[in-house]
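Visitor: I'd like to ask you about the structure that follows.
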Amino acid sequence: MGTERRSVGVVMNGVTGRMGYRQHLLRSILAIREEGGLPLADGTVLWPEPILVGRTAGKLQALAERHGLTEWTTDLAEALDRPGVEIYFDTQITGARTGAIRAAIAAGKHIYTEKPLADDLSGALELARLADEAGIKHGVVQDKLFLPGLRKLRRLVEGGFFGQILSVRGEFGYWVFEGDWQEAQRPSWNYRAEDGGGIIADMFCHWRYVLDEIVAPVRSVQCLGATHIPGRVDEDGKPYEATADDAAYGIFELDGGIVAQINSSWATRVFRDELVEFQVDGTEGSAVAGLRRCRVQHRSMTPKPVWNPDLPATEDFRGQWQEVPDNAEYGNGFKVQWEAFLRHVAEDAPFKWDFHAGARGVQLAELGLRAWREGRRLEVPELT
């Protein structure tokens with residue numbers, strides 16, 4: 001007797017974009033299907049049936065045919081009205097998100113969405129309220145929590161490795177080409193404030209959940225933003241003015257007096273092992289975590305360098321750190337969170353990364369932009 005399979009229709013809006021296609025469709029939903037579906041606690045297997053939605057019929061059709069899919073449409077209302085559809089997923093540009101999520105709430109669908117949840121905090125809180133009132137399940141992508149390097153970092157925090165945590169230093173970013181002599185690796189809307197672009201709106205949502213969940217809750221923010229590259233060239237070869245910030249230099253005070261400094265930039269060249277790295281320093285030890293790796297230096301193994309600019313450095317500082325072992329199988333971070341949300345919908349499994357969590361990210365981004373504009377430190381109040 002074969003295993004019972006339960007199909008669940010998933011409307012996926014915006015999957016012709018880079019992230020929506022690579023991480024959410026290809027490496028999450030299609031990967032789950034390639035593995036035979038998602039096993040549930042009662043022995044049934046959940047089988048996601050994606051319905052692709054976007055603005056351009058030709059792109060959708062080509063994408064569907066490439067992966068043997070048959071369901072696609074440019075009509076979101078028609079997609080939401082299809083029988084068997086239980087979940088709506090949104091990975092559009094931020095400005096288009098609120099209206100589509102409202103439509104999905106009105107249609108009674110469970111909702112999983114990329115971040116930021118909305119353009120501003122009031123909009124994010126309104127979506128959370130509407131979703132709660134509708135009695136639907138809702139979630140926001142918080143992918144970095146599921147990456148191997150940060151999961152190892154959390155393991156160290158939970159195990160008391162650091163003693164008293166003193167500070168966090170984060171470096172994120174890379175050079176995004178301007179689009180003239182080399183094609184840009186990010187879509188042009190990211191650099192237009194009027195389209196919801198900007199690195200503060202994008203990355204401070206990430207830094208909120210990374211700091212809150214791995215280190216300690218964020219209590220204040222100071223931020224200096226910049227538009228280092230004032231003009232870029234879009235996908236059609238047309239020059240445009242970059243009106244959004246492409247770099248942000250943030251200082252965050254966390255519970256317990258912990259100080260976090262995080263630099264985020266699309267105008268920096270990488271001289272580190274991964275595109276994002278966090279160093280956590282504590283009284284008993286320190287760690288440096290990236291997307292995949294995590295290395296530590298315990299108090300008992302800390303060398304005693306002496307400052308002497310007259311002599312060349314002879315110590316291999318990187319060689320003085322130890323690698324944290326995997327001790328577990330780590331899947332794709334996006335896929336792991338997708339599986340958690342699907343289980344949340346199918347069997348009411350716990351899932352805390354809901355619209356309220358998404359609103360906290362939008363709150364920090366909004367306060368970061370305001371702190372930059374006003375040139376001052378701002379408290380981060382609790383959201384009720």
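The values are calculated or read from the model by the stated rules, or taken from the named source; none is laboratory data. All figures in this text were calculated on a predicted structure; none of them were measured in a lab. In this analysis, Cβ positions are derived from the backbone assuming ideal geometry, glycine residues included, and neighbour counts consider all displayed protein chains.
Visitor: Consider ALA41 against the criteria (1) assigned to a loop (DSSP other than H, G, I, E, B); (2) free of Cβ contacts under 8 Å to residues at least 40 places away in the same chain; (3) of a type in the set (A, V, I, L, M, F, W, C): it satisfies all of them except one. Which criterion is unmet?
Guide: Among (1) assigned to a loop (DSSP other than H, G, I, E, B); (2) free of Cβ contacts under 8 Å to residues at least 40 places away in the same chain; (3) of a type in the set (A, V, I, L, M, F, W, C), ALA41 violates only (2).
Visitor: Kindly establish whether GLY99 is exposed (fewer than 14 other Cβ atoms within 10 Å of the Cβ), within 24 Å of the chain's Cα centre (by Cα), of a type in the set (Gly, Ala, Ser) and at pLDDT 95 or above.
Guide: yes
Visitor: OK, next. Considering the range 339-377 alone, what residues qualify as being surrounded by fewer than 16 Cβ atoms within 10 Å (Cβ to Cβ) and within 18 Å of PHE252 (Cα to Cα)?
Guide: Within the range 339-377, ARG370, ARG373, GLU374, GLY375, ARG376, ARG377 qualify.
Visitor: Something else: Restricting to the range 115-142, name every residue that is of a type outside the set (A, V, I, L, M, F, W, C) and crowded, with 24+ Cβ neighbours inside 10 Å.
Guide: LYS115, PRO116, HIS138, GLY139
Visitor: Which of the residues belonging to the range 122-166 are small (Gly, Ala, Ser), in contact with a strand residue (DSSP E or B) (Cβ under 8 Å, 6 or more places away or on another chain) and closer than 20 Å to PHE341 by Cβ?
Guide: Correct list: ALA128, ALA131, GLY139.
Visitor: Here is a follow-up. Quickly run through the range 204-239 and pick out the residues that are within 14 Å of VAL168 (Cβ to Cβ), in a strand (DSSP E or B) and basic (Lys, Arg).
Guide: ARG219
Visitor: Can you tell me which residue is farthest from SER188 (Cα to Cα) among those in the range 8-34 that are touching a Leu at 6+ places or on another chain (Cβ under 8 Å) and outside any helix (DSSP H, G or I)?
Guide: Among them, the one singled out is VAL8.
Visitor: Something else: Scan (1) without any contact (Cβ under 8 Å) to a residue 12 or more places away in the chain; (2) in contact with a Gly (Cβ under 9 Å, 6 or more places away or on another chain) for the single condition GLY319 breaks and write down its number.
Guide: (2)
Visitor: Another question, then. Could you list, in sequence order, the residues of the range 194-231 that are surrounded by fewer than 18 Cβ atoms within 10 Å (Cβ to Cβ) and at pLDDT below 95?
Guide: Residues satisfying the conditions are GLU194, ASP195.
Here is a yes/no grid of residues against (1) buried (at least 19 other Cβ atoms within 10 Å of the Cβ); (2) touching a residue at least 40 places away in the same chain (Cβ under 8 Å); (3) touching a helix residue (DSSP H, G or I) at 6+ places or on another chain (Cβ under 8 Å); (4) among the acidic types (Asp, Glu):
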| position | (1), (2), (3), (4) |
| --- | --- |
| HIS24 | yes, yes, yes, no |
| SER28 | yes, yes, yes, no |
| ARG33 | no, no, no, no |
| LEU52 | yes, yes, yes, no |
| THR74 | no, no, yes, no |
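Residues are listed down the side, and each one gets a yes or a no for (1) closer than 27 Å to LEU166 by Cα; (2) surrounded by fewer than 15 Cβ atoms within 10 Å (Cβ to Cβ); (3) modelled with pLDDT of 95 or more:
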{"position": "ALA248", "(1), (2), (3)": "yes, no, yes"}
{"position": "ILE262", "(1), (2), (3)": "yes, no, yes"}
{"position": "PHE271", "(1), (2), (3)": "yes, yes, yes"}
{"position": "ARG293", "(1), (2), (3)": "yes, no, yes"}
{"position": "THR314", "(1), (2), (3)": "no, yes, no"}
{"position": "GLU329", "(1), (2), (3)": "no, yes, no"}
